[in-house]
Ligand code: PMP
Ligand code: GLN
């Protein structure tokens, strides 16, 4: 591995899922649902495959049906209008969207200010592009992990090229508020920064929380690349269909890079995701409601087992503090948890540059069947 990437070995998700397979433990580590998305959408993929739609290279930017459906979704939910031909790009999941955005927008040495803890592919993607990450750490208080706007402002220098934002936020479950997003937008305009915003959990917000796309804030539409994914919204993480929306200049830049990463994204699945995006609002409401029930179930179980639980306002992850259990090292805790309790979780430290700051936190995924969550909670209580 070259020097830029030497610090990135095997992702924690692969390591922890392998541990789950090897030990037979319940896998609440890697964030993937244990129930596939809607039957009718699976059928749509089968139909496309049988009818020979997408079995050969589809158009590079994505099939027109899907680009139109993405634009319609952004308009219907957020009042944002994007031209499907020039302002929408289909990617191989949000992962490619992040990597292609960094490769497209950064010059070597450019700084990227990102919220810490950050999703693991951010650091690697910034490194691939020769950029430098500058983390701004979300700090826990009674309401969860919060962004300190002064710290964010202080992190921006003359070398800062872009802000890499993620809301709803993996792994903390934080959903940035209107006030926070307003401040981020003002900062981006004032310092003339680009913003890449990962909104893959846009449909997973609970209670009073509301997902507000950064691109809807003043001055942001023209400087923001917004990333979405069918993996999260429709429970098809294996399909690897994601997308990017933004101005023709920014989306065009990302498209140029995508050509040489994957050239095109998987054909038949694009037809199916186009249908998924047009599902009635009830689909999205039911999905959200069922995840909220599971969140509550797991949060209650973890609390009963002695963890400090940060109830997430969004995503399908719960971050916990293990110190009330007399533990302080999340890595060590997660490596022995399968043996001790038959459960797999992820140490949040992997999402930090400042590993000390992340040490006491451990993430559990709740995108699992209720029975599975109940059994995991039972095992953790007996630990
Ligand atoms: N961003 C975040 C915040 C994620 O949690 C994930 C995956 N869970 C991704 C991006 C990658 O999404 P995809 O599977 O569509 O590549
Ligand atoms: N995004 C998922 C998570 O946070 C995992 C995706 C992956 O394995 N790369 O758990």
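The values are calculated or read from the model by the stated rules, or taken from the named source; none is laboratory data. Predicted, not measured: the structure shown is a model, and the values here were computed from it. Backbone-built Cβ (ideal geometry, glycine too); neighbour counts: all protein chains shown.
Only a single item in (1) within 22 Å of residue 168 (Cβ to Cβ); (2) buried (at least 23 other Cβ atoms within 10 Å of the Cβ) is not met by residue 119, and it is number (2). The residue that is nearest to ligand 1 (Cβ to nearest atom), counting only those in the range 6-27 that are farther than 27 Å from residue 128 by Cβ and out of contact with any helix residue (DSSP H, G or I) (no Cβ under 6 Å at 6 or more places or on another chain), is 20. Filter the range 223-250 down to the residues that are more than 11 Å from ligand 1 (Cβ to nearest atom), within 30 Å of residue 285 (Cα to Cα) and outside any strand (DSSP E or B) and list them by number. Residues satisfying the conditions are 235, 246, 247.
The criterion of at least 2 residues that are at pLDDT below 95 is met by none of the strands (runs of 3 or more DSSP E) wholly inside the range 86-180.
Going by what's in this entry, would residue 15 be described as more than 16 Å from ligand 2 (Cβ to nearest atom) and assigned to a helix (DSSP H, G or I)?
Numbers: more than 16 Å from ligand 2 (Cβ to nearest atom): no; assigned to a helix (DSSP H, G or I): yes.
For residue 15, the condition - more than 16 Å from ligand 2 (Cβ to nearest atom) and assigned to a helix (DSSP H, G or I) - is not met.
Working carefully through the options 263, 201, find the one that is assigned to a loop (DSSP other than H, G, I, E, B) and in contact with a strand residue (DSSP E or B) (Cβ under 6 Å, 6 or more places away or on another chain). The conditions single out 201.
From the list 222, 199, pick out the single residue that is surrounded by 22 or more Cβ atoms within 10 Å (Cβ to Cβ) and under 23 Å from residue 113 (Cβ atoms).
Among 222, 199, only 199 is surrounded by 22 or more Cβ atoms within 10 Å (Cβ to Cβ) and under 23 Å from residue 113 (Cβ atoms).
Scoring residue 50 on the criteria (1) within 16 Å of ligand 1 (Cβ to nearest atom); (2) within 26 Å of residue 90 (Cβ to Cβ) leaves a single failure, condition (1). Checking each residue in the range 308-356 for being touching a helix residue (DSSP H, G or I) at 6+ places or on another chain (Cβ under 8 Å) and part of a strand (DSSP E or B) picks out 308, 309, 318, 319, 320, 343, 344, 346, 347.
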